[in-house]
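Okay, so here's the structure we're looking at.
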Amino acid sequence: MSDTPEPQNASAVRSAPLIRFQEALVRAGTRSYETRDWSDLIAAARDLEAAGHLGDVGAALHLLGEQPLAVLRRDAAVRSGYVHRVGGPGRIARPATIPPLPTTGPLVVAIASLHPDGRVRAQTVRPLLNLLRQSPPPLELLPYLVLRTTDWAPPVRNLARAVLAVVLLESPEDLVEAVARVVVLTNGRKRGEVAHQQVLAALLALPGTTCFDRLLGSPDRRLRRFAMEAALLARRFPVERLAALAETDSDQQVRGLAAEAAVREAVWTDRLDLVRRLAAGHCPEVRAVALTGLLRAGQAEEVAGFFGDPSQTVRAVSHEAIRRTGGDVLEHYRAAAREPRPSPGAIVGLAEIGDRTDSDAVVAFLSHSRREVRAAARRALRTLDVVPPLLRDPPR
């Protein structure tokens with residue numbers, strides 16, 4: 001969550017307060033519904049902070065949640081165990097009153113924000129605000145605040161949402177990216193849509209593309225999808241940047257979003273050279289979008305030539321182009337099958353729209369010199385439900 005490296009003593013000899021904290025953390029993790037264990041954990045955190053060793057506190061925060069997903073899982077485990085026990089034979093006895101937090105140090109606040117009792121969690125929201133107002137803000141605390149915006153107790157989540165709005169308003173450039181890294185994990189969680197909309201609004205309010213660029217450079221594809229959708233809403237990127245994302249991003253959804261936006265803009269501005277570049281790319285979903293754009297731009301004859309593409313989706317776009325030009329799709333494939341060097345996509349396409357009478361033409365390619373053509377022929381025969389003859393592949 002933070003660019004701050006792991007404390008040096010995290011892997012060195014542990015101090016006694018840090019060891020006691022680890023032991024209490026294990027007990028709370030194995031019996032997450034026991035409020036007594038959580039009280040012991042908070043007390044261990046208080047003692048650790050009171051010892052005054054900042055390195056130990058940093059190591060404890062690292063142990064508590066090495067990444068946002070670990071924090072989410074811990075919160076879910078606490079909630080699941082608590083609900084399982086309430087009303088059952090081992091019903092939890094809730095105290096009539098709860099003591100205030102022993103300190104408002106970052107470790108105590110982080111742990112208390114995951115407590116099974118909502119009244120304890122409610123005590124942590126304002127301290128989280130105060131801690132996140134520090135310079136630089138402790139980014140490792142953001143998962144705990146974002147989680148409380150999805151809290152099952154209305155007073156807790158309403159206050160947390162207000163605090164998140166204040167934090168994003170006061171330090172948008174410092175916190176938007178960090179909050180987004182957590183929000184993409186909680187968006188599918190019940191009541192998680194509010195935080196998602198809050199960080200989206202904060203991101204859209206930022207000038208320029210610096211934050212978008214950093215998010216799109218993340219290895220987390222969920223974060224890149226979030227940034228891509230936000231960038232398209234804000235119309236931040238020129239068509240060349242969108243085309244580059246469509247060609248290079250490793251996530252299919254990001255490529256598809258970028259391609260659709262790039263092709264739409266290029267067709268509107270008569271940049272068909274860029275659309276043709278995308279149509280010649282290696283990603284089938286991008287090629288399909290680009291060819292659809294060319295078809296809308298009146299280039300049906302050009303699109304019709306892609307009927308032998310390896311991608312079935314691309315071939316479907318080409319079929320529509322052939323029909324628009326008055327051609328017969330099946331005849332295109334049968335003519336291609338008579339060529340000495342047909343594309344593998346043309347052979348598979350013939351089987352997709354042809355019938356068993358086309359199997360003789362396909363069988364002829366089982367002994368072709370190119371391995372990819374022979375593989376396409378076998379695939380085509382399976383599509384036609386024809387048992388291929390036993391032929392040995394020629395030596396390579």
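The values are calculated or read from the model by the stated rules, or taken from the named source; none is laboratory data. Remember, predicted model here, so these are calculated numbers, not experimental data. Methodologically, a virtual Cβ is constructed for each residue, glycine included, from the backbone with ideal geometry; neighbour enumeration extends over all protein chains shown. Side chains included, ligands, DNA and RNA excluded: accessible areas come from the protein's heavy atoms. Shrake-Rupley method; radii C 1.70, N 1.55, O 1.52, S 1.80 Å.
Observations on the structure shown:
- Residues that are of a type outside the set (A, V, I, L, M, F, W, C) and either in contact with a strand residue (DSSP E or B) (Cβ under 9 Å, 6 or more places away or on another chain) or more than 13 Å from Val109 (Cα to Cα) (or both) within the stretch 41-63 comprise Asp47, Gly52, His53, Gly55, Asp56, Gly58, His62, listed in sequence order.
- Filtered by the rule that a residue be touching a residue at least 12 places away in the same chain (Cβ under 8 Å), assigned to a helix (DSSP H, G or I) and of a type outside the set (Phe, Trp, Tyr), the stretch 211-222 gives Cys211, Arg214, Leu215, Leu216, Arg221, Arg222.
- Residue within the stretch 60-74 that is under 17 Å from Asp37 (Cβ atoms), open to solvent by 70 Å² or more (accessible area, probe 1.4 Å) and at pLDDT below 75 present: no
- For Lys190: the one exception among (1) part of a helix (DSSP H, G or I); (2) of a type in the set (D, E, K, R); (3) open to solvent by 60 Å² or more (accessible area, probe 1.4 Å): (1)
- Of all the listed residues (Leu223, Leu242), the sole one being closer than 21 Å to Gly188 by Cα, touching a helix residue (DSSP H, G or I) at 6+ places or on another chain (Cβ under 8 Å) and either among the charged types (D, E, K, R) or buried (at least 18 other Cβ atoms within 10 Å of the Cβ) (or both) is Leu223.
- The residue list Leu175, Leu139, Leu145, Leu185 contains one member that is over 28 Å from Leu257 (Cβ atoms) and out of contact with any Cys (no Cβ under 8 Å at 6 or more places or on another chain), which is Leu145.
- The combined condition, being within 16 Å of the chain's Cα centre (by Cα) and under 25 Å from Arg287 (Cβ atoms), is fulfilled by Glu229.
- Taking the stretch 25-46 as the range and being part of a helix (DSSP H, G or I), surrounded by 15 or more Cβ atoms within 10 Å (Cβ to Cβ) and either among the charged types (D, E, K, R) or modelled with pLDDT of 80 or more (or both) as the test, the residues that pass are Arg27, Asp37, Asp40, Ile42, Ala43, Ala44, Ala45, Arg46.
- Test: Phe237 is in contact with a Leu (Cβ under 9 Å, 6 or more places away or on another chain), part of a loop (DSSP other than H, G, I, E, B) and farther than 30 Å from Val156 by Cα: yes
- The single condition among (1) closer than 29 Å to Pro207 by Cα; (2) at pLDDT 95 or above that Ser218 does not meet is (2).
- Residue within the stretch 126-143 that is more than 23 Å from Ala45 (Cβ to Cβ), touching a Phe, Trp or Tyr at 6+ places or on another chain (Cβ under 9 Å) and surrounded by fewer than 21 Cβ atoms within 10 Å (Cβ to Cβ) present: no
- Residue match in the stretch 164-183 (condition: open to solvent by 50 Å² or more (accessible area, probe 1.4 Å), modelled with pLDDT under 90 and either outside any helix (DSSP H, G or I) or of a type in the set (S, T, N, Q) (or both)): no
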